[in-house]
Amino acid sequence: MITLKGIIERLTYQNPENNYTIAKLKVARINDPVTVVGYLAGVFEGESLEISGKWSTHPKYGDQFKVETYKVVLPATVSGIRKYLGSGIIKGIGKSLADKIVDHFEEKTFDIIENEPEKLKSVYGIGNTKKNIITDAWNKHHAVRRVMQFLQENEVGVYHASAILQAYGSETLNILNHDPYLIARDIPGIGFTIADRIALRSGVQKEDENRLKACLICSLLFSEQDGHVYQIKKELFAASAKISGVEPDKFESALEALVHGGEIKTETGEEDTRVYLARLFRAESGIASRMKAIMSMKAMARDMDKGEILDVVLTKLAVKLSEEQLKVVENVLNEKIVVITGGPGTGKTTLIRALCEIFRLRDQKTVLSAPTGRAARRLSEVTGQKAFTLHKLLGFDHENQTFEKSFANPLDLDVFVVDEASMVDTLLMYHLIEAMPATASLILVGDTFQLPSVGPGNVLSDIIESKRIKVFSLTRIFRQAEESPIIMYAHSIRNGEMPDFQKAASGELSEFYFIEKNRPDKVVETILELCSNRIQKAFPHIDEIQVLTPMHRGEAGTINLNQQLQSVLNSSPGGMDVRGILFKPGDKVMHLKNNYEKDVFNGDIGMVADVIKSENKVLVDYDGRIVEYDILELDELTLAYAISVHKSQGSEYSAIVIALTTAHFPLLQRNLLYTAMTRGKHLVIIVGSSKALETALSNNKTTLRLTGLKQKLEARPI
């Protein structure tokens with residue numbers, strides 16, 4: 001590792017949320033300032049740093065120094081101290097007062113301010129009020145330095161140190177000294193390892209109950225990230241033993257203490273004791289009990305005979321319902337909670353439109369919703385009725401992680417339609433069902449063969465498998481859909497059958513192609529050629545073509561594909577580089593998290609309309625609406641020429657190109673392939689190896705999620 005010492009000449013960019021910084025460091029004996037990048041919390045222009053890390057080369061900006069550890073170096077000489085204090089870095093101390101303080105204390109100045117501030121009053125012109133102002137300003141300015149120094153002394157890297165500092169702010173040192181295992185609960189993934197290192201160094205014993213409790217919580221949080229709602233006790237103890245180096249049987253008393261404290265809930269399962277994080281147990285139990293309460297209420301009288309239903313739909317929509325669709329409509333009108341499911345081409349959208357018209361005729365207030373912004377807009381387009389994201393409808397407060405709508409403050413509606421319901425996880429379904437008036441009806445629409453929710457649970461599948469809720473499955477593929485290879489091949493994949501690609505290989509124009517490429521670099525090369533040449537001739541607008549891939553990393557992952565696709569699809573000059581991503585006018589971009597102030601949501605895709613470098617701003621066009629981002633907000637944006645299959649759920653595109661290689665092995669699943677294929681409306685091309693395709697087809701592992709909703713629904717007669 002290389003070490004440099006220098007003075008921060010300029011802070012080019014600093015993200016206030018994670019402290020990612022780009023700065024210019026003036027280093028002795030080097031003419032030009034060095035560009036340093038990394039997670040530098042609590043640093044200011046004019047301060048001296050000692051940084052350790054390594055050199056890297058950016059394709060556009062040349063040599064950069066990536067920071068792995070750093071410390072603020074306070075000057076030791078009287079002249080250096082005088083210059084530092086006189087610079088105005090510490091509020092309350094100007095040049096004149098700095099001279100007086102340094103003249104009085106000389107090289108002991110910093111030690112006096114930090115450890116014996118009362119002595120400052122011995123300087124002429126400093127009373128109690130001024131002393132407090134100086135002390136508060138010093139502590140505020142140097143609190144981050146102390147925290148970062150403490151963490152780096154405990155071998156915590158700058159990225160993780162910044163995450164901890166962001167989570168706890170001014171309380172960080174107090175927490176690290178008194179309850180470091182709190183990090184394990186609040187920052188899954190890194191928390192336990194860091195907390196454990198700090199705690200063990202301070203003398204905590206390996207079998208200390210707080211350590212074992214934190215280890216159990218951390219193991220459950222890991223399990224939640226994998227989609228599980230609970231963990232089997234025996235397996236939980238084994239996983240915790242592996243993390244901690246303590247025998248599994250030593251965790252029993254720690255588990256009991258967590259149950260007693262209300263952080264964990266346990267229940268007897270078929271296989272063994274199930275262990276839940278309390279919030280997940282409450283959510284899963286709440287879904288079941290609330291559904292029971294809603295189902296116990298009588299449905300509003302909405303009887304209509306077949307002829308009347310057919311007439312309404314034909315008159316309003318110019319559509320004749322099939323016998324299967326008609327039967328579903330008849331039954332749905334008299335149910336409190338129903339599930340409508342079916343694959344592509346089976347008429348789910350037509351059914352929603354028909355139901356909306358009938359509810360409108362009956363003066364029933366119907367609210368349409370979906371888990372993502374794109375899915376909600378798509379639902380709105382096909383029904384002609386406004387649709388909302390679930391988070392917006394339920395009044396989610398991102399800062400406090402709370403929902404405005406609840407049992408005590410329910411939604412105002414008679415019928416609640418939730419499309420793309422397979423994407424709704426356990427926690428969101430709980431808040432959704434809690435906010436429903438007991439007098440209303442709930443219609444869940446989705447395709448259970450798609451990917452399950454990113455969050456924990458397998459809610460839609462569990463509801464269906466419980467057999468406590470009426471489920472209407474659309475199975476008939478309409479004639480127009482039968483003519484689509486995309487739909488027919490998707491149904492083959494759904495059934496675990498390898499599609500017959502002979503027609504696509506015969507040279508005839510088709511909607512579906514499989515292009516065999518075994519090496520990731522050849523996959524990328526082919527995708528670039530397709531998107532910049534062959535497909536673009538049929539679909540000239542960049543928004544019509546979407547590249548999908550299972551992973552972010554690797555040669556055929558989103559990160560590399562986006563850089564490569566940008567280079568061939570967008571020749572616009574200039575742009576603005578932020579954390580290694582170059583944003584240029586004409587770029588296709590995706591918003592990464594819900595932003596209610598901007599009315600832009602996770603997964604929304606737009607086009608960069610303009611980059612105003614003089615003002616550090618990027619303007620993005622979302623379907624005709626311009627949204628402004630300043631440089632500190634650009635961590636909410638990423639390039640979207642290529643996106644993950646998970647991010648594509650709830651959306652449709654004219655043309656889809658899917659990268660599929662054996663390097664994607666951890667994520668090669670049948671439902672992932674099925675979800676990717678069903679995003680395409682007119683053209684789907686898979687570029688990859690037959691082995692990767694066969695692996696995905698044979699892997700149907702979604703049933704491995706540990707959830708208890710099915711059993712809870714079964715145990716509550718409705």
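The values are calculated or read from the model by the stated rules, or taken from the named source; none is laboratory data. Please read these numbers as outputs of a predicted model, since none were measured by experiment. With ideal geometry, Cβ positions are generated from the backbone for all residues, glycine too; neighbour counts draw on all protein chains shown. Side chains included, ligands, DNA and RNA excluded: accessible areas come from the protein's heavy atoms. Shrake-Rupley method; radii C 1.70, N 1.55, O 1.52, S 1.80 Å.
Across the stretch 593-615, what is the total count of residues that are surrounded by fewer than 17 Cβ atoms within 10 Å (Cβ to Cβ) and not basic (Lys, Arg)?
Result for the stretch 593-615: 8.
Could you figure out which of (1) in a helix (DSSP H, G or I); (2) open to solvent by 30 Å² or more (accessible area, probe 1.4 Å); (3) over 29 Å from Met436 (Cα atoms) isn't true of Leu258?
All conditions are met except number (2).
Could you list all residues from the stretch 261-289 that are part of a helix (DSSP H, G or I) and either closer than 27 Å to Val204 by Cα or hydrophobic (A, V, I, L, M, F, W, C) (or both)?
Going residue by residue through the stretch 261-289, those that are part of a helix (DSSP H, G or I) are 278-289.
Scanning the stretch 261-289 gives Ala278, Leu280, Phe281, Ala283, Ile287, Ala288.
Residues being over 18 Å from the mean Cα position of the chain (by Cα) and surrounded by fewer than 24 Cβ atoms within 10 Å (Cβ to Cβ): count how many of those fall in the stretch 451-462. Give the steps one after another, and end with the answer.
Taking the stretch 451-462 and keeping what is over 18 Å from the mean Cα position of the chain (by Cα), we get 459-462.
Applying the additional criterion that residues be surrounded by fewer than 24 Cβ atoms within 10 Å (Cβ to Cβ) yields 461.
The total comes to 1.
From the list Ala199, Ala214, Ala238, Ala195, which residue is out of contact with any Gly (no Cβ under 9 Å at 6 or more places or on another chain), outside any loop (DSSP other than H, G, I, E, B) and at pLDDT 90 or above? Spell out the reasoning first.
Working: Ala199 fails: at pLDDT 90 or above; Ala214 fails: out of contact with any Gly (no Cβ under 9 Å at 6 or more places or on another chain); Ala195 fails: at pLDDT 90 or above.
Only one candidate passes the filter, namely Ala238.
Within 28 Å of Ile581 (Cβ to Cβ), open to solvent by 30 Å² or more (accessible area, probe 1.4 Å) and touching a residue at least 24 places away in the same chain (Cβ under 8 Å): which single residue out of Lys91, Lys66 fits that description? Steps first, please.
Working: Lys91 fails: within 28 Å of Ile581 (Cβ to Cβ).
Of the residues listed, the single one that is within 28 Å of Ile581 (Cβ to Cβ), open to solvent by 30 Å² or more (accessible area, probe 1.4 Å) and touching a residue at least 24 places away in the same chain (Cβ under 8 Å) is Lys66.
Looking only at the stretch 353-374, filter to residues that are out of contact with any strand residue (DSSP E or B) (no Cβ under 8 Å at 6 or more places or on another chain) and hydrophobic (A, V, I, L, M, F, W, C); which one of those is surrounded by the fewest Cβ atoms within 10 Å (Cβ to Cβ)?
Restricting attention to the stretch 353-374, the residues satisfying the condition of being out of contact with any strand residue (DSSP E or B) (no Cβ under 8 Å at 6 or more places or on another chain) are 353-354, 357-358, 361-363.
Restricting the remaining residues to those that are hydrophobic (A, V, I, L, M, F, W, C) gives 354, 358, 361.
Values: Ala354: 26, Ile358: 22, Leu361: 13.
Per the criteria, the residue is Leu361.
With the requirement that a residue be touching a helix residue (DSSP H, G or I) at 6+ places or on another chain (Cβ under 8 Å) and not small (Gly, Ala, Ser), what does the stretch 219-233 give you? First the steps, then the outcome.
So the first thing to find is which residues in the stretch 219-233 are touching a helix residue (DSSP H, G or I) at 6+ places or on another chain (Cβ under 8 Å), and the list is 219-224, 229-231, 233.
Scanning the stretch 219-233 gives Leu220, Leu221, Phe222, Glu224, Val229, Tyr230, Gln231, Lys233.
Quick one: is Asn115 under 24 Å from Val72 (Cα atoms), loosely packed, with under 12 Cβ neighbours inside 10 Å and either in contact (Cβ under 8 Å) with a residue 12 or more places away in the chain or under 49 Å from the mean Cα position of the chain (by Cα) (or both)?
Numbers: under 24 Å from Val72 (Cα atoms): yes; loosely packed, with under 12 Cβ neighbours inside 10 Å: yes; either in contact (Cβ under 8 Å) with a residue 12 or more places away in the chain or under 49 Å from the mean Cα position of the chain (by Cα) (or both): yes.
Taking the combined requirement at face value, the residue satisfies it.
Output the residue which, of all residues in the stretch 520-535 that are free of Cβ contacts under 8 Å to residues at least 24 places away in the same chain and surrounded by 14 or more Cβ atoms within 10 Å (Cβ to Cβ), is farthest from Tyr641 (Cα to Cα). Walk me through it before giving the result.
Step one: list which residues in the stretch 520-535 are free of Cβ contacts under 8 Å to residues at least 24 places away in the same chain, which gives 522, 525, 529, 533-534.
Right, trim to surrounded by 14 or more Cβ atoms within 10 Å (Cβ to Cβ) and you get 522, 525.
Details: Lys522: 18, Glu525: 15 Å.
Per the criteria, the residue is Lys522.
Consider Val568 carefully, then state whether it is surrounded by fewer than 17 Cβ atoms within 10 Å (Cβ to Cβ) and among the β-branched types (Val, Ile, Thr).
yes
Report every pair of residues separated by at least 6 positions or lying on different chains whose Cβ atoms are under 8 Å apart, first residue within the stretch 366-389 and outside any helix (DSSP H, G or I), second at pLDDT below 85 and among the hydrophobic types (A, V, I, L, M, F, W, C).
Thr372/Phe601; Thr389/Phe601
Give me a count of the residues in the stretch 555-565 that are open to solvent by 50 Å² or more (accessible area, probe 1.4 Å), over 14 Å from Lys522 (Cα atoms) and either of a type outside the set (A, V, I, L, M, F, W, C) or at pLDDT below 90 (or both).
The initial filter retains those residues of the stretch 555-565 that are open to solvent by 50 Å² or more (accessible area, probe 1.4 Å), namely 555, 559, 563-564.
With the extra rule that they be over 14 Å from Lys522 (Cα atoms), the set shrinks to 559, 563.
Add one more test, that the residue is either of a type outside the set (A, V, I, L, M, F, W, C) or at pLDDT below 90 (or both), and what stays is 563.
Here the count works out to 1.
Go through the stretch 273-306 and give me each residue that's more than 26 Å from Asn334 (Cα to Cα) and open to solvent by 50 Å² or more (accessible area, probe 1.4 Å).
Matches in the stretch 273-306: Arg279, Arg282.
Could you please let me know if Ser296 is closer than 21 Å to Glu207 by Cα and of a type in the set (Ser, Thr, Tyr)? Full working, then the answer.
Numbers: closer than 21 Å to Glu207 by Cα: no; of a type in the set (Ser, Thr, Tyr): yes.
Criteria not met by Ser296.
Considering only the stretch 613-633, I want to know if a residue exists there that is within 29 Å of Leu693 (Cα to Cα) and in contact with a strand residue (DSSP E or B) (Cβ under 7 Å, 6 or more places away or on another chain). If you could, list the steps in order and put the result at the bottom.
Residues of the stretch 613-633 that are within 29 Å of Leu693 (Cα to Cα), as a first pass: none.
There is no residue in the stretch 613-633 that is within 29 Å of Leu693 (Cα to Cα) and in contact with a strand residue (DSSP E or B) (Cβ under 7 Å, 6 or more places away or on another chain).
Quick check on the stretch 152-162. Is at least one of its residues among the polar types (S, T, N, Q), at pLDDT below 80, assigned to a helix (DSSP H, G or I) and open to solvent by 20 Å² or more (accessible area, probe 1.4 Å)?
Checked against the condition, which is being among the polar types (S, T, N, Q), at pLDDT below 80, assigned to a helix (DSSP H, G or I) and open to solvent by 20 Å² or more (accessible area, probe 1.4 Å), the stretch 152-162 yields at least one hit.
Just to verify a result, which residue in the stretch 2-55, among those that are polar (S, T, N, Q) and farther than 26 Å from Tyr168 by Cα, is farthest from the chain's Cα centre (by Cα)? Spell out how you get there, then give the answer.
Filtering the stretch 2-55 for residues polar (S, T, N, Q) gives 3, 12, 14-15, 18-19, 21, 31, 35, 48, 52.
Next, from what is left, pick out any that are farther than 26 Å from Tyr168 by Cα: 3, 31, 35.
Values: Thr3: 35, Asn31: 43, Thr35: 30 Å.
Top of the filtered list is Asn31.
So which strands (runs of 3 or more DSSP E) stay within the stretch 605-718 end to end and still have 2 or more residues that are of a type outside the set (S, T, N, Q) and over 22 Å from the mean Cα position of the chain (by Cα)?
On the way: elements: 605-612, 617-622, 625-630, 637-639, 642-644, 653-660, 680-688.
Those strands (runs of 3 or more DSSP E) span 605-612, 617-622, 625-630, 653-660, 680-688.
Looking only at the stretch 429-450, how many residues end up being within 18 Å of Met295 (Cβ to Cβ) and open to solvent by 10 Å² or more (accessible area, probe 1.4 Å)?
Of the residues in that region, 5 qualify.
So how many residues does the stretch 351-365 have that are of a type in the set (Asp, Glu) and either modelled with pLDDT of 90 or more or not in a helix (DSSP H, G or I) (or both)? Before you say what the answer is, go through the steps one by one.
Step one: of the stretch 351-365, the residues of a type in the set (Asp, Glu) are 357, 363.
Keeping just the survivors that are either modelled with pLDDT of 90 or more or not in a helix (DSSP H, G or I) (or both) gives 363.
Total meeting the criteria: 1.
With respect to the numbered conditions (1) β-branched (Val, Ile, Thr); (2) touching a Leu at 6+ places or on another chain (Cβ under 7 Å); (3) surrounded by fewer than 20 Cβ atoms within 10 Å (Cβ to Cβ), which one is the sole condition not fulfilled by Thr268?
(2)
Go through Thr695, Thr662 for me and flag whichever is crowded, with 17+ Cβ neighbours inside 10 Å and either out of contact with any Cys (no Cβ under 8 Å at 6 or more places or on another chain) or closer than 14 Å to Pro452 by Cα (or both).
Details: Thr662 fails: crowded, with 17+ Cβ neighbours inside 10 Å.
It is Thr695.
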